[in-house]
Amino acid sequence: MVRIPALRRMASLLLTPLEPEDVLSLVNPLSSHRQLRGVVTKVTRETPESRTIHFRPGRGWNPHDAGQWARIGVEIDGVRHWRSYSLSAPAGADPAITVTAIGFVSTELVRRTKVGDILFLDVPQGDFVLPQHPRPLLMLTAGSGLTPVMSMIRTLVPRRPDADVVLVHSARTRDDALFHDELLELADQFPGLKVVHWFTREAQGRRLDLTDATDLETVCPDWRGRAAYACGPADFLDAATALWDRAAAEGAAEATTALTIERFAPVLLPGAGGEGGRVTFEKSDKVVDAPGDCTLLDAGEQAGVVMPSGCRMGICRSCLTPLVAGQVRDLRTGEVHGEEGELIQTCINAAAGPVHLDI
Amino acid sequence: MTATATPLERTEIRPGRPILAPKGGPAVRPTAAAHLTDDQVEQLGRELDAIRDRVIATRGEKDARYIRRVIKLQRSLELAGRITLLFSKRKAALVAGTAMISVAKIIENMEIGHNVLHGQWDWMRDPDIHSTTWEWDFVSPAATWKHTHNDLHHTWTNVVGKDKDVGYDLLRMDEDQPWTPRALGNPLYNLVLMPFFEWGIAIYDLELEAWRQGDKPTADLKRDLKLTAKKALRQFTKDYTATPLAAQLVSRSGRNALIGGFAANCIRNVWAHAVIFCGHFPDGADTFTEEMIEGETRGDWYIRQMIGSANISGSKLMHFMTGNLSHQIEHHCFPDLPSNRYAEVAVELREICERYGLPYTTGPLPRQVYQAWAKVCRLALPPKRLPKQTVNQTPVLPRRGAFPIAARVL
């Protein structure tokens, strides 16, 4: 009924201030006019510490490209938390995320998620996607950095006979290696995929050394001729970037050397403490250095930003403003908190390091 | 870090805004709290802060489930009621439909709307149950109501001249409000206000008085007028046009559906009016002068909330149907704690009041309603003038009797 605009308007007249979706949500948990949702359809164990969570998204979801990520909201003890996860399912299939139990939210997802749970979603995004035209590829991944690349491999390898992919995946042990058996099977079945597993904690194991090209030459001698994709921890990506930059500078003859990287740790603003920090009011385009005991509301007002405000003592919540980045200190408790997107009471919070507000 | 931009001065006192003092106390404490020392008040403030911290620390999945269950119940009732009204040609359907919609509206306004708009559920970070996105089944738009209620009433609770909820610019509800012949109409105004309460609140939320006095810019009034007109039109259309029309088409029950919708709104209005008048107007709920809040500490602020509010005693169902505003004292001390936790807080607050010798006003609904109405009628009449100089010599009586004396200590 919601699909027919005229009917929807009529229903809305009878239900105001509710929308038809609010009433439909009584029977369909995916129905909401405010928040895209998905229902968990399958949970598979990948390693002892990781699970793949398959879900069926509600209306409004866009099919993902291989390698993209999505913001996933999950409720933990009544509170909504958002994190970004790469989608590990091939393009065209129902989406799935593969989560490793590192950090609070991921650990909860791994331990608690069961079929039928509701996930809150944002549409897939990201530029870490396959090239438009076929070319030889090198995938360099470490740990759970494999997830977006797995989506690419699953999309490309079985469908394209001309695929030419080398995957170098670094994991601590064989048991920790995501998709280990599936990758070996795919490599077995399709000549277009070569898989190199690099175990850092097995016998004679060590880290894949990217400070020079030696290790890379060993596992993939023609690496310079391949379009490269890298995903993994920050230091791994930094080393890869440096290596490719050097190769480009040396101007090696066959250096096509395009390197595309995907970071999955959010870039956090450094610094936190009782010293305040620089507050950026993004929409108002104002920047001010605020001391640690100055509320964000005062800082904003003195910088000439039109701040919503009410009681100015932490009660009425008229001042709620979305946090874009950084952390704030609750002047009442001294607690430092702040997550991307969280609504901050500016009248009782001060900057704890650099803060960006969406106002 | 190196501060290169403008250094900021803190503790700038903004005119007209209460900045709580860290220490000390107001020059004049309210009569009911006059026996407390600054240290005692500070200790009391710490005890209440501790209660608040504990509830916040234990908010969780159980509370989230509670509010979702209430919302589900309310929406089911609303839907069932409205569908029943479509067949209200039969008397049984008319009665059942009206009853269901009345209850749905009461729950929506009180246990859900009022509390969600207070931000009691903001901690869940669910945009579907959030003070910034919620709109309620009431003609006053959430945005304007949040300003007059959360910002003005809850900040200035019962400060005569500041908290316009003392009489809503319509009734004379306190001895300190000057008597004019207009006050003679008190009982009549209140009687008319009762069944049309939501419209009264919608007009009140426009703050016409503040605009007339130049405190509210005309642009703001225009914005609020537009918002209110739009919201009122939608509300009116739903109950008095769309539903009757649909009922007429479905089963030629248009007339009865109209009656049902009107009756449901009236029932909700009368109920909300009764509950809300029990919050601050029964005997024992104090009002304050502006002098009493100058220099207020956090403890003093808590005390003002406690002695300025009155609870309603009763069953669990009673508390639920009042949106837990029967725990008015708890609500005023902690307006943003989830309403389902007020009952447990009440036990502690009561004990604290006893220990500090503070009144904790509560009573069954009929008695509280009677007292509020008695005040409406009593204050319609001009005060019996005492010669001015004797006021200060009169011993200050506690204002708990049937005929409280204005405790104006200047």
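The values are calculated or read from the model by the stated rules, or taken from the named source; none is laboratory data. Fair warning: this is a prediction, and the values are worked out from it, not measured in the lab. Cβ atoms come from the backbone with ideal geometry, glycine included; neighbour counts cover every protein chain shown. Note: areas computed on protein heavy atoms with side chains; ligands, DNA, RNA excluded. Shrake-Rupley method; radii C 1.70, N 1.55, O 1.52, S 1.80 Å.
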- Message: I want to confirm something. Restricting to the stretch A:322-349 and keeping residues that are polar (S, T, N, Q) and more than 10 Å from chain B (Cβ to nearest Cβ), which single residue is surrounded by the most Cβ atoms within 10 Å (Cβ to Cβ)?
- Response: A:Thr346
- Message: For the stretch A:9-51, which positions are over 22 Å from the mean Cα position of the chain (by Cα) and not in a loop (DSSP other than H, G, I, E, B)?
- Response: A:Arg9, A:Met10, A:Ala11, A:Ser12, A:Leu13, A:Leu14, A:Leu15, A:Pro20, A:Glu21, A:Asp22, A:Val23, A:Leu24
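Give B:Val192, B:Val159, B:Val166, B:Val139 a once-over and let me know the one that is in contact with an Asp or Glu (Cβ under 7 Å, 6 or more places away or on another chain), at pLDDT 95 or above and of a type outside the set (S, T, N, Q). Spell out the reasoning first.
Working: B:Val192 fails: in contact with an Asp or Glu (Cβ under 7 Å, 6 or more places away or on another chain); B:Val159 fails: at pLDDT 95 or above; B:Val166 fails: at pLDDT 95 or above.
Only one candidate qualifies: B:Val139.
For B:Thr98, indicate whether it is in contact (Cβ under 8 Å) with a residue 60 or more places away in the chain and closer than 21 Å to A:Thr321 by Cβ. Please lay out each step first, then the result.
On the way: in contact (Cβ under 8 Å) with a residue 60 or more places away in the chain: yes; closer than 21 Å to A:Thr321 by Cβ: no.
So B:Thr98 does not fit the description; no.
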- Message: Here's a check for you: in the stretch B:228-255, which residue that is of a type in the set (Lys, Arg) and open to solvent by 60 Å² or more (accessible area, probe 1.4 Å) is nearest to the other protein chains (Cβ to nearest Cβ)?
- Response: B:Arg234
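Can you confirm whether the stretch A:77-90 contains a residue that is acidic (Asp, Glu), within 14 Å of chain B (Cβ to nearest Cβ) and touching a His at 6+ places or on another chain (Cβ under 7 Å)? Walk me through how you get there before you give the answer.
From the stretch A:77-90, those acidic (Asp, Glu) are A:77; that's our starting set.
Adding the requirement that they be within 14 Å of chain B (Cβ to nearest Cβ) leaves A:77.
Checking the rest, the ones that are also touching a His at 6+ places or on another chain (Cβ under 7 Å) come to none.
Within the stretch A:77-90, none of the residues are acidic (Asp, Glu), within 14 Å of chain B (Cβ to nearest Cβ) and touching a His at 6+ places or on another chain (Cβ under 7 Å).
Could you list all residues from the stretch A:206-240 that are in contact with a Ser or Thr (Cβ under 8 Å, 6 or more places away or on another chain) and not in a helix (DSSP H, G or I)?
Of the stretch A:206-240, the ones in contact with a Ser or Thr (Cβ under 8 Å, 6 or more places away or on another chain) are A:206-208, A:224-232, A:236, A:239.
Within the stretch A:206-240, A:Arg206, A:Arg207, A:Leu208, A:Arg226, A:Ala227, A:Ala228, A:Tyr229, A:Ala230, A:Cys231, A:Gly232 meet the criteria.
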- Scope the stretch B:110-125; condition crowded, with 22+ Cβ neighbours inside 10 Å, part of a helix (DSSP H, G or I) and not acidic (Asp, Glu); matching residues: B:Met110, B:Ile112, B:Gly113, B:His114, B:Asn115, B:Val116, B:Leu117, B:Met124
- Extreme residue, farthest from the other protein chains (Cβ to nearest Cβ), among residues of the stretch A:1-43 that are under 16 Å from A:Gly60 (Cα atoms) and basic (Lys, Arg): A:Arg3
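Given the condition aromatic (Phe, Trp, Tyr), in a strand (DSSP E or B), open to solvent by 50 Å² or more (accessible area, probe 1.4 Å) and under 27 Å from A:Ser25 (Cα atoms), answer yes or no: does some residue in the stretch A:80-92 qualify?
Within the stretch A:80-92, one or more residues are aromatic (Phe, Trp, Tyr), in a strand (DSSP E or B), open to solvent by 50 Å² or more (accessible area, probe 1.4 Å) and under 27 Å from A:Ser25 (Cα atoms).
Looking at the stretch B:126-151 only, could you name the residues that are facing chain A (nearest Cβ under 9 Å) and in a helix (DSSP H, G or I)?
At the first step, the residues of the stretch B:126-151 found to be facing chain A (nearest Cβ under 9 Å) are B:126-128, B:130-138, B:142, B:146-147, B:149-151.
Scanning the stretch B:126-151 gives B:Pro127, B:Asp128, B:Ala142, B:Lys146, B:His147, B:His149, B:Asn150, B:Asp151.
Of all residues in the stretch B:304-324, count the ones that are assigned to a strand (DSSP E or B) and out of contact with any strand residue (DSSP E or B) (no Cβ under 6 Å at 6 or more places or on another chain). Show your work before the answer.
Start the filter on the stretch B:304-324 by keeping residues that are assigned to a strand (DSSP E or B), which leaves B:311-313.
Applying the additional criterion that residues be out of contact with any strand residue (DSSP E or B) (no Cβ under 6 Å at 6 or more places or on another chain) yields B:312.
Qualifying residue count, the stretch B:304-324: 1.
Scan A:Ala70, A:Ala6 and give me the residue that is modelled with pLDDT under 95 and in a helix (DSSP H, G or I).
Numbers: A:Ala70 fails: in a helix (DSSP H, G or I).
The conditions single out A:Ala6.
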